[in-house]
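Laboratory data are not the source of any read-out in this text; all were calculated from the coordinates shown. These numbers were taken from a predicted model, which means no experiment stands behind them. When we count neighbours, we look across all protein chains shown, and the Cβ atoms used for this are built from the backbone with ideal geometry, even at glycine.
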Amino acid sequence: MRRAIISAVGAIVFLMGCDEAEELAGEDETEVAEVAPFDEVSGRGGECATMYEHWHFEGEAKRVEAGAYVSFIGNLWNDVVSSVKVRSGCVLNVFEHADFAGAQNSFQGSVPFVGEWWNDKISAYTCDC
Ligand SMILES: [Ca+2]
């Protein structure tokens, strides 16, 4: 009888250990980045920039190819962009309205916030390296 009790306690301790391990595993980030980060050293990938839904490069990400000439960003992304990362040596030109109309601005480097005025306004863009 005593042996059975000891075994039961041992099993409970073992199970608690498993739960703890599962909890730790559950803390892993499950989000998978849709856009590979720039390789600043090799400059590989042909990316010119990445645009983000939220400031500080959060939310959905949209990859911009070098040489992009996009007169309309698309319904999903229209008036959405809040931060951008532009590859070293490249320039992202943005426009307030479709067909490169309205206000115009250029971004270089890492821009954690495009600014109060440009926030959720970009509708067209070009990107050159
Ligand atoms: Ca707009």
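Pull out a ≥ b ≥ c, the square roots of the eigenvalues of the alpha-carbon gyration tensor of the stretch 47-128, then state rounded if a/c is under 1.5, prolate if not and a/b is larger than b/c, and oblate in the remaining case. Present the calculation step by step, with values, prior to reporting the outcome.
Numbers: a/c = 1.35, a/b = 1.05, b/c = 1.28.
Rounded.
Applying 0.36 nm per residue to the separation of Arg63 and Ala103 and subtracting their alpha-carbon distance, the gain on full extension is 12.2 nm.
Here the contact order of the stretch 47-128, divided by its residue count and restricted to Cα pairs under 8 Å and six or more residues apart, works out to 37 percent. Measuring r between the beta carbons of Ser88 and His56 and using R0 = 22 Å, the FRET efficiency lands at 0.65.
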